[in-house]
Structures are given as structure tokens and as C-alpha cells.
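No lab work stands behind these numbers, since they all come straight from the coordinates. A quick note: this is a predicted structure, and the numbers were derived from the prediction, not measured. Backbone-built Cβ (ideal geometry, glycine too); neighbour counts: all protein chains shown.
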Amino acid sequence: MAAWLAKLPAARRREMEAVRALVRRELPTGYEEALSGKCLVWQVPLARYPDTYNGHPLWYAALAAQKNYLTLHLMSAYGDARLARRLRDGFKAAGKKLDMGKACIRFQEADDLALDVIGEVVASTPMDRYIARAKAVRRK
């Protein structure tokens with residue numbers, strides 16, 4: 001991870017490290033941190049849930065540096081309308097603009113984020129519940 005982060009310009013690295021520290025602090029037990037392509041991901045280990053739709057570990061969250069912005073992907077918010085609403089409401093209450101796709105929050109600096117709400121969402125889904133939700137979706 002350190003080598004990957006070291007390749008980023010200092011200002012972007014500082015912002016990525018701040019968000020990474022938050023995710024790592026709030027992450028429920030069992031998820032593992034890994035590099036996948038150009039993303040730093042927190043995922044369900046294949047040893048814990050090998051039957052994914054694509055044979056790759058199931059991502060829970062990811063952090064990436066795009067050309068013009070940074071992204072934080074919160075897959076649990078994509079699969080849970082309550083969490084997505086919590087993000088929207090939390091950003092609004094914090095006076096922050098939520099620039100979000102389905103699970104991807106775009107930002108320039110960690111201060112652009114409602115960090116307390118991000119922490120809540122990251123902490124909200126234990127691995128067993130996340131796996132159960134993934135299995136239920138695949139059955140449909």
C-alpha cells in the first residue's frame with residue numbers, strides 16, 4: 001500500500017491517507033485491505049466467501065485517485081437505501097455537497113466529505129450481514 005500511495009502527488013496522497021485512516025478505524029472486523037488495479041479496496045476474503053459472481057473478492061469499500069478527483073466507493077450504500085439516505089441526509093446536515101453516483105463519492109479533499117457520516121456507513125455492516133445481502137441478491 002505504501003508504494004502505491006507514494007506514487008501519488010503529495011497533496012493527493014495526504015487526502016487519500018486521511019480517508020484511508022477513517023475507513024480503517026471504522027471498518028468492521030474481517031474485511032481485508034488489498035490493492036486491486038488502481039484501487040485500494042477493503043474486501044471480503046475469498047476464503048470467507050468464495051462464491052462471488054465473478055470469482056473475485058467481494059468489495060465492501062474502495063478508494064481511488066482518478067485524473068481529476070478522488071473517489072470513495074461505499075458498496076454497502078449502493079445495496080441499502082437506508083444507508084444511501086443516511087449519506088444524503090448527513091452531507092446535507094453537515095453543509096457538504098454530496099457528489100455521488102450509485103456507490104461512488106467523488107471529492108477533492110477529505111474536508112469535502114461528511115467524515116462522521118462516512119465513518120457511520122463504513123462501520124454499519126458487519127461482514128456476515130454483507131455476505132448475506134450479497135447472497136440474497138444473487139438468488140433473485
Q | Filtered residues of region 67-115 (kept if farther than 29 Å from A136 by Cβ and part of a helix (DSSP H, G or I)) | A | K92, A93, A110, D111, D112, L115
Q: Name the one entry in A11, A47 that is surrounded by fewer than 15 Cβ atoms within 10 Å (Cβ to Cβ), of a type in the set (A, V, I, L, M) and farther than 16 Å from Y60 by Cα.
A: A11
Q: For region 50-66, enumerate the residues that are surrounded by 18 or more Cβ atoms within 10 Å (Cβ to Cβ) and farther than 14 Å from I131 by Cα.
A: A62, L63, A65
**Q.** Out of K97, K38, K135, sole residue that is more than 17 Å from R12 (Cβ to Cβ), surrounded by fewer than 19 Cβ atoms within 10 Å (Cβ to Cβ) and out of contact with any helix residue (DSSP H, G or I) (no Cβ under 8 Å at 6 or more places or on another chain)
**A.** K135
(Q) What's the total number of residues in region 49-66 that are under 16 Å from E32 (Cα atoms) and in a strand (DSSP E or B)? (A) 6
